[in-house]
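No lab work stands behind these numbers, since they all come straight from the coordinates. These numbers come from a predicted model, not from an experiment. Virtual Cβ from ideal backbone geometry, glycine too; neighbours counted across all protein chains shown.
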Amino acid sequence: MNAIAQTLPTMADNQELEEQQQYLTFMLIGETYAIGILRIKEIIQYGQLTEVPRMPDFIRGVINLRGAVVPVIDLSARFGKQPTAIGRRNCIIIIEVTMGDETQNVGVMVDAVNAVLEIPASEIEPAPTFGTNIRADFIAGMGKINGKFVIILNIQHVLSMDDMASLAGVSSSPVAELAQTG
């Protein structure tokens with residue numbers, strides 16, 4: 001009986017690791033990034049974006065996703081770089097983020113989506129404290145794929161509570177009117 005009790009937590013730990021092994025990789029400013037697929041709802045083609053006045057620079061606007069108003073973040077601008085140039089390969093990754101007790105869908109604009117890859121936990125190094133083009137708290141780890149590093153984003157930090165407070169203003173009256181007309 002003692003042996004069974006010891007194996008149960010191990011099985012649960014392994015299942016959790018397996019769930020976290022799959023990542024969507026995408027291109028942004030010539031670099032490859034990854035996000036755990038458990039937070040990703042869907043990927044859509046860039047288009048039909050409505051700008052909302054007086055929003056931070058990294059909020060490109062909102063989209064109407066099956067009747068729901070979803071804010072769209074320009075990840076390049078969020079990282080303090082130039083806004084993403086619009087091209088035919090641009091995509092919006094719809095991500096579910098948690099804000100307190102609520103979850104909200106947020107669109108993240110990227111240059112191009114690559115693939116879903118499995119990165120074993122043994123192939124993920126801790127986030128570096130220096131030498132990256134983005135803030136260290138935005139990085140969950142560095143995954144090794146074919147001898148190259150891929151930056152695995154900590155999407156909760158990228159879309160932090162401060163930023164989510166800004167986004168909460170997006171769902172106020174101008175956007176509510178937009179949802180009714182769109």
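Work through the residues other than E31 whose Cβ is under 11 Å from its Cβ and net out their charges, Lys, Arg +1 and Asp, Glu -1.
Numbers: positive: K81, K148; negative: D111.
Within the 11 Å Cβ shell, the charges total +1.
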1/(1 + (r/R0)^6) with r = Cβ-Cβ of E51 and Q22, R0 = 41 Å, i.e. FRET efficiency to nearest 0.05, evaluates to 0.75
Based on other C-beta atoms within 10 Å, arrange R60, R39, R78 from fewest to most. R39, R78, R60
Multiply the residue separation of K148 and E123 by 0.36 nm, subtract the distance between their alpha-carbon atoms, and state the gained length in nm to one decimal. 7.9 nm
